[in-house]
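These notes are about the structure you will find just below.
Coordinate-derived values only; no laboratory data. Since we're looking at a predicted model, the values are computed, not measured. Counting neighbours? That spans all protein chains shown, and the Cβs are built from the backbone with ideal geometry, glycine included.
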Amino acid sequence: MTAEQAQERIEFLRKELHRYNYHYYVLSKPLIPDYEYDRLLRELEDLERQFPQFYDPNSPTVRVGSDISNEFQQRPHRYPMLSLANTYSYEDLREFDDRIARSLGHRSYRYVCELKYDGTSISLIYENRRLAYAVTRGDGEKGDIVTANVKTIPTVPLVVDHPSAPENFE
């Protein structure tokens, strides 16, 4: 691929991914499946690595998705809420397992796997053992305060009345 072809493809991918992001994060109306979006994003990441002269600080590859809305007040996270990486191949899983094995040395380990659902991350902040705030992941640095909504979920404790629980925790 020539630099000119790469630049054209990069610009196309950026435009499309920005459009998909808008529909997904702002309108809550995805235009394509997550797998297809991730494939296009990986293609853009690869091209940007191969052709760094086309770097753009506004590229979708530089941003983490956000569910922040103008309808709610925002609150910064005490600890960043980072995003999970996607895995679609056996090779990705093998590489992940190799990294875990190296980091643990000779200790044995097992995996527990859960499905990843987009848009379900929430930070629960307890003050004096009472639910004070529920905050969406947002952009990872700050999120929407959705405490009233979360209080309607029966499995979320409003009060943690256990002697070993700290007074304040997240």
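Taking region 1-16, which residues are of a type in the set (Asp, Glu) and surrounded by 11 or more Cβ atoms within 10 Å (Cβ to Cβ)?
So in region 1-16, the residues of a type in the set (Asp, Glu) come out as 4, 8, 11, 16.
Listed by number, the residues that qualify are Glu8, Glu11, Glu16.
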Exercise. Would it be correct to say that Asn128 is in contact with a strand residue (DSSP E or B) (Cβ under 7 Å, 6 or more places away or on another chain), over 27 Å from Asp34 (Cβ atoms) and touching a residue at least 12 places away in the same chain (Cβ under 8 Å)?
Worked result: no
Problem set entry | Boolean, Tyr111 is within 27 Å of Val26 (Cβ to Cβ) and surrounded by fewer than 12 Cβ atoms within 10 Å (Cβ to Cβ) | no
Problem set entry | region 112-170, residues that are closer than 29 Å to Tyr22 by Cβ, among the acidic types (Asp, Glu) and part of a strand (DSSP E or B) | Asp144
Exercise. Going by the structure shown, is Arg19 loosely packed, with under 15 Cβ neighbours inside 10 Å, farther than 30 Å from Phe169 by Cα and among the basic types (Lys, Arg)?
Worked result: yes
For this session: Please enumerate the residues belonging to region 1-43 that are assigned to a helix (DSSP H, G or I), under 22 Å from Asp144 (Cα atoms) and out of contact with any helix residue (DSSP H, G or I) (no Cβ under 9 Å at 6 or more places or on another chain).
Result: Tyr22, His23, Tyr25, Val26
